[in-house]
Amino acid sequence: MIEKVLIANRGEIALRVIRTCNAIGIKTVAVYSDEDYNSLHVKQATEAYNIGEGAPAKSYLNQEKILETILTSGADAVHPGYGFLSENDDFARSCEKNKITFIGPSADSMTLCGDKMKCKAVMLKAKIPIVPGSPDLVKDTDEALSIANEIGYPVLLKSVYGGGGRGIRLVNDSKELRENYEAATGESMAAFGKSAILVEKFLEKTRHIEFQLARDKHRNTVHIFERECSIQRRNQKLIEISPSAVVDQKIRDEIGQIAVNAAIAVDYTNLGTAEFLRLDDGTFYFIEINARLQVEHPITELVSGLDLVKMQFDIANGEEIPFTQNDLKINGHAIECRINAEDTFLDFAPSTGPIHDVTIPSGPGVRCDTYLYPGCTVSPFYDSLMGKLCTWGQNFEEARVRMQGALNDFYIQGVETSIPLYKTILKTDEFKNGDLSTDFLKRYGILDRLTKDIKADKEANKEAALAAAIIHSEYFKSRVISSTEEGTRWKSQLD
Amino acid sequence: MIEKVLIANRGEIALRVIRTCNAIGIKTVAVYSDEDYNSLHVKQATEAYNIGEGAPAKSYLNQEKILETILTSGADAVHPGYGFLSENDDFARSCEKNKITFIGPSADSMTLCGDKMKCKAVMLKAKIPIVPGSPDLVKDTDEALSIANEIGYPVLLKSVYGGGGRGIRLVNDSKELRENYEAATGESMAAFGKSAILVEKFLEKTRHIEFQLARDKHRNTVHIFERECSIQRRNQKLIEISPSAVVDQKIRDEIGQIAVNAAIAVDYTNLGTAEFLRLDDGTFYFIEINARLQVEHPITELVSGLDLVKMQFDIANGEEIPFTQNDLKINGHAIECRINAEDTFLDFAPSTGPIHDVTIPSGPGVRCDTYLYPGCTVSPFYDSLMGKLCTWGQNFEEARVRMQGALNDFYIQGVETSIPLYKTILKTDEFKNGDLSTDFLKRYGILDRLTKDIKADKEANKEAALAAAIIHSEYFKSRVISSTEEGTRWKSQLD
Amino acid sequence: MECKIEDIEGTFHGEIVDKLGKNEYIIKLNDREQNLKILNMDSRKIEFVLDQKYHKVKYLDSTTSKMNLVVDGVLITLNKHANLDEIVYKNLGIAGSTDSELALKSPIPGKVISIALKKGASVKKGDVVCILESMKMQVAIKAHKDGKIKSIRIKEGGSVAKNGIIVEIE
Amino acid sequence: MECKIEDIEGTFHGEIVDKLGKNEYIIKLNDREQNLKILNMDSRKIEFVLDQKYHKVKYLDSTTSKMNLVVDGVLITLNKHANLDEIVYKNLGIAGSTDSELALKSPIPGKVISIALKKGASVKKGDVVCILESMKMQVAIKAHKDGKIKSIRIKEGGSVAKNGIIVEIE
C-alpha cells in the first residue's frame, strides 16, 4: 500500500493530486523549483523539497534529482501528473528499478504507446481502425502512389521523425505526389540521414473524441465514456465536453470497446486515454493512447461520479476496479474550459507576471481547479494553464449556461487570459448545436467575432469608464489642493 | 414569465439566487442596507438599491421600502430567500395585491403553515402522524391529566404563545403535572391575558429528518428525498446530510408520501420542507412545514442533480414539474456544514468584524456557497451564517473525508468560526456510524473532545510557533538597528 | 471632461453636476444625469454604483492625454482632450512658482520619470521641464518663465517632495 | 528564546544557530536543529518551510511577555521569558502594555443589555457581570476573578467594542 507519494509536478495538477491524497490518507511530498517557492502546492503538501532552478530541465525534468528526493523523503510512490516526466519511459523504468511505484502504466507499455510505428503495428494486428495509409515506411514513389490510389487523395506525406505539423506535405493527386515525394525524402535524408516517409489519408473536417480508459493489474478493463476535445488552437485543446453530441449509447459501446481493445493490445495498466478522430460520416479512427492522466479528466469525474486520481492509486496498489462496464452510467453533461495565460490576439502567446487580484468562480455545478491566488505569479518557465474551469448540468444547455456564468465571474487581473475567447465561443450557435471540429476557430471566424464582442463590451462600458475617469481627475484635483494632509483617505476628501 | 426579480435578502443566499438567475437569464435587483454597501450581492446583481440603515427593521424587514423598490426597479417578482420576509404572509399578500410574483407558496398557504394550531388540525384531518398530545388547547388540569395518561409520561406543558424553548415545562408524573399546570397557566395569563396550554409527549432522543417538497400550480407534488439535520446547537442546525443513514428506500417512499400528503393538505405551492422527528424505534412524527427554501437545499441539489432555485422560478412561472416521483433517483451522498461566525466556547456567541484573509475550499465533490472575500466584513446586524460548505461522495465515507479535507482548507482570519467544532465532530465514530440525535453535542461530550483536539493541535504546532516567534524577534531586533531605513523589506534585512 | 474612447465612435463629455454627500454624486455623461455612489476607492481602483449598476474599475496607467482602465474586466483606453488637464495644471500652477522666483517648485510629490532639459539650456515659459509620476499618473511640469537652466535639483528615477525645487531658471 | 505555550506542558527553548542565506536558517528548537526557509514575510505574517513542512503564521498581538499567533489556523499563546525582547522594547522606547489584571475585557463587540452589578459590589470569579447582545444573541459576560467592582466602563443601551473594558475588578 502506498503511504507517501512524491508528486513530480507543479501547478494545478499537483494540487489536484494532493486533494485526493488528503482524502484517502496518503502523505504527499511536493517538489518545487526556485521559481515556485511561493506556489500553493508547496504550501498544501505534507512536505516540500526544493529541487533546483526554474528551468524545467534543472528541476521538474531532472530525473536524478527527483529520484534522489523520492529516496530522501521516504516516499514509496511517485505521481507524475501530466507533462514533464509523465510519459517518460526511462523515468518510469528507473522507478521500477528502485522499487518505487510509478503511478501509471509499466515502462514497457509506455514505450510501446510512445513509439508511433510499433504502436501502429500492434493496433493493426488487434484490428483497431487507424487512419488509412501505409502500414509501414514506404520504400519508393511507386509504393507511395499505389497506397495513395488505394486510400484515395488527398493524402499526407509524413516524415516519421517529424511532429507537431513539421515534415508533413499535403498532396492532391498523383502528379503532386511525384513532385513532393522526392523533396520529402530529400528533406528527411538531409535531416536524419535516412528516408522515413509514411503515406496517410488527409482528413479534412474531423472531431477529436477520446475515451477514458482504466485497466487494473488483474486485466479488468473498462472505458469511462468519451470526451470531445474538438475546440483547439494549434493542436492544443481549449474546451472539452463529455458526453459528445455525436456519440449515442450504441456508438459509445462500440467505440468504447475498440478503446478497451487498444488498451489490452499494449498491455496498458492504470488510467489512460485512447484518442480518436471522427469524420462527419461517423467513421472513427484511433490515433494514439495517452499514457497518463489527462488535463481534462475532471469532466469525466463530473459525469461518472468517480475520483480518477483515487482510481490511479487504487490500481497502483494492485486493487481490482470495483465495478464492471455495465455498472457505469453517464450522469448529465460536463464542460471544461482551460484557463490559459495567453493573448488570443498575439497568436496565443503566453502572458506572464504577478496576479494582483483574482476571483474564482463557484456555485452549483461549478468546479474550478486552479493554482491561482491573489499575489501568486504566472511564471514564464512553465505552460500557460492556470486552471481548469468545469461545469456540470443535467443537460448540455444547463452546463453551457453555467459555464457562461462562471466565465463571467472569473476575474483575473495581471495577465491576458483565454476567458474572453471562451465567452465568444460559448454563445455561438455552432457551439450550442454541437457543430464542432478541430478547425472550429478558423472555420467559424471566431477571432473576428471575438473582436466584435470586445468592441461591444467597450461600448457597453463606456459610461462607466468615463465616470471612473472623472472621479479620478476629481481626486487628483483635490489631492493638489490638500496634499499637505497626507494619509487622508480619498473618500473623505471628495465629500 | 418572470424577467426581473428583486432579491429581498443579503449574504450567501442572495448570491445563490443571483447565480441561478444569471444561468436562466433573469435580471436581478439587489437591495442593501447601509451596512452592506460593500457586499458581494450588491456587486453581482444587475442592479442594486440602497434600502436603509443596517438594523433589519429599517431595511431587509421594511416591507414598504422593499415593495416600493420592486415597483421602482420594474421587477415583476420577488425572491425572499430564507429568514427576513420569507415566511411573512403579510408581505406575500401585499405582493399578490400588487401583482408581483412572490417566489414561494400563496399567502393563504403560508398563513396556515405558520399557525401551529390550525396546521395541527389540518394535519390531524389528513392523517399525518404528529407528536402525540392534546389536539387543541386544554381547558383545565383534569383534561391535561387525562391526555397525559393516554400518551404516557413524561410530557411537556407548552404555551402556544411561546417559542424557542420558552414557556415549556417538562413533567414526569401526575403529581408534577398538577404542580406545574397552575404555574404554567398563571404565566400564560400574566403574559398574554389568557391561558393557552398544550400537552405534548416528551421525546427524549430524536433525529431531525426533513423531506424536500415541490408542488406546482397544477397540483403535481413530489418529494426530493430526505435530509437529516440532527446535529444542532440550541435548536439551530449545524450539519446536514442527505440521504439519512436510517432511511432506506422503503422508509423514504413511505415518509416521503406522508410529506407529500402534508403539502397537499395545506395546498402548498413551490418548494418547501416537511420536518419530522424520528425516534430510535423508527417512528416518524411530522412537526411543521417550512414555507421557503432551506439553508441546506444544496445537499439535495448534490444528490438529485436539480437546481432547486431554478425549480422555484419555473413553478412560480406556472410550469409543471418536468418529472414524476419515480423519475427521481438519489445519487451518492452529500454533507453540509454551516460555517458560522461564532465562538463555540462562548456558548456559540457571535463573532463579528472584518475578514482580513480567507481561502475558500474547492476541488472534486466540493461546493462552497459563501459571501466571504478578503476585505469583507461580518456584520453584527445579521445572522452568523457566513457560508455553506458542502461535499458530495459516491458513498457517505467519501463525502465525509472530502468534508474533512475541505474544512482543513477553509481558512478564515478575523472571526471565530464553527470550523474547529466540525473537524472534531466529523472524526468521531458516532458521526461516522451515523449515530445521530438532536442532542449529539451534549450526548457525546463533543465540546470536551473539541478542547482536547485544540490542545493536540497546539501540541502539533508548538515548534512552528516557537520558530515564528524567534524569527519575529530577530526581525524586531533588526528593525531597531535599522529603523531609519523605512520601507525596507524584512527579508533583505534578515539576510 | 472631454474624451474619446479607443475603438468607439464619437466624443464623450462628462462632468460632476452635484455632490450629494455620503459619497454620492450626480454626474452628467453625454447630457444624461446619473446617480453615482462610490463604494470603495483608492489610487489604483474604484468600485461604484452608477444608476443602480455596480462597476469595478482598475486604474492602470495614465498620462496627461491617455488613461488605461479595466472596467468590469474590459480594457478601455481613454484619450483625453487636454483642457481638463490644463485645469488641473492651472491648479498646480497656483501652488507653484511665480515669475520673480528662480526656483521651479514641484506642485506635487512624485517620482521623476524624465528630465527634458540639460543644465545651461534655454527655456521658454510653458516648455516641459520634466515628467513626474504620482498616483500612477504622469504629469508634465512646465517652466514658469523664460530663461536659462541654472541648476537641476532632481535626478531621473529619484523623487521630489511637494514644493521641492525642480530646477532653477535665471 | 525561552518560553511557555499556553495549555502545553513544559518550557521551550529556541534559537537561530546559523544563517545560510537565501532566507534559510538553521534553527534549534529544544535541542533539535531544523532547517527553516522563509518564503514570505511581513510584520503581520510569515510563511516558512520548517524541515520540509510548510507553515503559515499570523502575528496577532504581542506584549513584552505574551505573543498571540495563529499557526496553520491554530491560535497559540506564547508566554515569553525572554529578556532579549525586553531589551528590544526598551530600545524602542515602547513601555509595552503589561497584561492588565484589573480590567475585564469584552470578548465580543455588542450592545449592553443589562449590567448585573453596581460599583463597589463584591464579585466572585464566574459571576455574571453584564449581558451583551450581538447578532440577535445575548451573551453573559462573567467575572475573570474574585474582587470588588472598582469602576464600570459601560452603560446600559450603549455599546462596547471587542476587547473594550467592561469593568475593573480589584
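The values are calculated or read from the model by the stated rules, or taken from the named source; none is laboratory data. Predicted, not measured: the structure shown is a model, and the values here were computed from it. In this analysis, Cβ positions are derived from the backbone assuming ideal geometry, glycine residues included, and neighbour counts consider all displayed protein chains.
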| Candidate set from region D:134-151 (those that are assigned to a loop (DSSP other than H, G, I, E, B) and within 11 Å of another protein chain (Cβ to nearest Cβ)); member that is farthest from the chain's Cα centre (by Cα) | D:136
| request: Sort out which residues of region C:23-39 are surrounded by 15 or more Cβ atoms within 10 Å (Cβ to Cβ) and either at the interface with another protein chain (Cβ under 7 Å from one of its Cβ atoms) or at pLDDT below 90 (or both), and write them in order of number. | output: C:23, C:27, C:29, C:36, C:38, C:39
| task | Would you be able to say whether some residue in region B:17-25 is away from chain C (no Cβ under 12 Å), free of Cβ contacts under 8 Å to residues at least 40 places away in the same chain and over 26 Å from residue B:273 (Cβ atoms)? | result | yes
| message | Being modelled with pLDDT under 90 and touching a strand residue (DSSP E or B) at 6+ places or on another chain (Cβ under 6 Å) is the filter here; which residues of region D:40-56 pass it? | response | D:40, D:44, D:45
| query | Which strands (runs of 3 or more DSSP E) sit wholly inside region A:268-357 and have at least 1 residues that are within 14 Å of chain B (Cβ to nearest Cβ), of a type in the set (Asp, Glu) and over 22 Å from residue A:79 (Cα atoms)? | reply | A:333-340
| task | Scan D:69, D:75 and give me the residue that is at pLDDT 75 or above, more than 7 Å from chain B (Cβ to nearest Cβ) and not in a helix (DSSP H, G or I). | result | D:75
| Matching option when the condition is assigned to a strand (DSSP E or B) and of a type in the set (A, V, I, L, M, F, W, C), among C:131, C:154 | C:131
| query | Would you pick out the residues in region C:117-141 that are of a type outside the set (A, V, I, L, M) and modelled with pLDDT under 85? | reply | C:126, C:133, C:134, C:136, C:138
| said: Within region C:45-66, take every residue that is assigned to a strand (DSSP E or B) and either more than 11 Å from chain A (Cβ to nearest Cβ) or of a type in the set (Lys, Arg) (or both) and give me the one that is surrounded by the fewest Cβ atoms within 10 Å (Cβ to Cβ). | reply: C:61
| When the residues of region A:412-434 are filtered to those that are away from chain C (no Cβ under 14 Å) and over 14 Å from residue A:232 (Cβ atoms), which remaining residue is surrounded by the most Cβ atoms within 10 Å (Cβ to Cβ)? | A:426
| note | Of the listed residues (B:437, B:384, B:379), the one being more than 10 Å from every other protein chain (Cβ to nearest Cβ) and either surrounded by fewer than 21 Cβ atoms within 10 Å (Cβ to Cβ) or not hydrophobic (A, V, I, L, M, F, W, C) (or both) is B:437
| Before we move on, is residue B:363 touching a helix residue (DSSP H, G or I) at 6+ places or on another chain (Cβ under 9 Å), outside any strand (DSSP E or B), modelled with pLDDT under 95 and on the phi > 0 side of the Ramachandran plot? | yes
| query | Hey, residue B:211 hits all of (1) over 24 Å from residue B:295 (Cβ atoms); (2) part of a strand (DSSP E or B) but one; which does it fall short on? | reply | (1)
| query | Only one residue in B:267, B:307 is surrounded by fewer than 20 Cβ atoms within 10 Å (Cβ to Cβ), out of contact with any strand residue (DSSP E or B) (no Cβ under 8 Å at 6 or more places or on another chain) and in contact (Cβ under 8 Å) with a residue 60 or more places away in the chain, so which one is that? | reply | B:267
| task | For region A:352-397, name all the residues that are among the charged types (D, E, K, R) and more than 18 Å from the chain's Cα centre (by Cα). | result | A:357, A:397
| request: Tell me which residues, restricted to region B:1-45, are under 23 Å from residue B:315 (Cα atoms) and of a type in the set (Ser, Thr, Tyr). | output: B:20, B:28
| note | Here the qualifying pairs (Cβ atoms under 8 Å; residues six or more apart or on different chains; first in region D:1-13 and more than 9 Å from every other protein chain (Cβ to nearest Cβ); second part of a strand (DSSP E or B) and among the polar types (S, T, N, Q)) come out as D:2/D:11; D:4/D:11; D:4/D:79
| said: Given the options A:314, A:383, A:369, name the one that is over 25 Å from residue B:25 (Cα atoms) and touching a Lys or Arg at 6+ places or on another chain (Cβ under 8 Å). | reply: A:369
| task | Could you tell me whether residue A:373 is more than 10 Å from chain B (Cβ to nearest Cβ) and either surrounded by fewer than 17 Cβ atoms within 10 Å (Cβ to Cβ) or farther than 24 Å from residue B:298 by Cβ (or both)? | result | no
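Per-residue answers, yes or no, for (1) in contact with a strand residue (DSSP E or B) (Cβ under 7 Å, 6 or more places away or on another chain); (2) of a type in the set (Asp, Glu); (3) without any contact (Cβ under 8 Å) to a residue 60 or more places away in the chain; (4) surrounded by fewer than 16 Cβ atoms within 10 Å (Cβ to Cβ):
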position	(1), (2), (3), (4)
D:104	yes, no, no, no
D:117	yes, no, yes, no
D:121	yes, no, yes, yes
D:129	yes, no, yes, no
D:150	yes, no, yes, yes
| query | All but one of (1) within 27 Å of residue A:282 (Cβ to Cβ); (2) in contact (Cβ under 8 Å) with a residue 60 or more places away in the chain hold for residue A:412; which doesn't? | reply | (1)
